[in-house]
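Structure in structure tokens, see below.
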């Protein structure tokens with residue numbers, strides 16, 4: 001007598017569980033890898049410079065302008081109120097308008113420039129294109145023959161002072 005029972009396995013492979021289970025394991029890794037590539041490309045890091053050599057040369061020019069502002073004794077404070085910014089300067093600024101660069105600390109696509117115009121001696125005003133918050137960086141620039149540059153960052157006090165008045 002034969003006690004060995006033959007196995008009834010007449011279904012084709014694509015109708016069975018185990019082949020699909022084994023195929024789904026590497027397939028899920030491929031899908032996860034493609035999604036990671038898409039996420040990495042959409043959220044590229046703005047802190048990495050593509051043209052680091054040109055940026056390095058520009059840093060030297062910025063440092064020269066900052067040293068010139070320090071030698072002239074020029075300083076500035078900012079006040080932000082709603083959509084308006086007021087910049088108060090001390091020292092021999094001697095310009096009817098200045099350029100103010102406002103940059104987000106992490107997202108370069110949110111950076112913008114504002115031309116500020118002298119309203120009183122030592123006071124410049126301009127309209128903001130977008131809202132700013134504490135820790136945004138600013139650079140006040142005078143171009144031309146006696147070019148100089150001041151850098152700083154917006155603090156919570158800069159936003160509160162103007163909101164009260």
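The values are calculated or read from the model by the stated rules, or taken from the named source; none is laboratory data. Keep in mind it's a predicted model, so treat the numbers as computed, not measured. Every residue, glycine among them, receives a Cβ derived from its backbone with ideal geometry; neighbour counts consider all protein chains shown.
Test residue 30 against the criterion of being at pLDDT 80 or above, exposed (fewer than 10 other Cβ atoms within 10 Å of the Cβ) and either outside the structural domain of residue 109 (by TED's automatic domain parsing) or in contact with a helix residue (DSSP H, G or I) (Cβ under 8 Å, 6 or more places away or on another chain) (or both), and give yes or no.
Yes: the conditions hold for residue 30.
Could you run through segment 135-160 and say how many residues are surrounded by 13 or more Cβ atoms within 10 Å (Cβ to Cβ) and touching a strand residue (DSSP E or B) at 6+ places or on another chain (Cβ under 8 Å)?
Looking only at that region, the number is 17.
Sort through 57, 63, 120, 106 and tell me the only one that's exposed (fewer than 14 other Cβ atoms within 10 Å of the Cβ) and in contact (Cβ under 8 Å) with a residue 60 or more places away in the chain.
Just a single option satisfies the conditions, and that option is 106.
Among the residues of segment 88-101, what is the count of those that are surrounded by 15 or more Cβ atoms within 10 Å (Cβ to Cβ), on the phi < 0 side of the Ramachandran plot and at pLDDT below 90?
The qualifying residues number 2.
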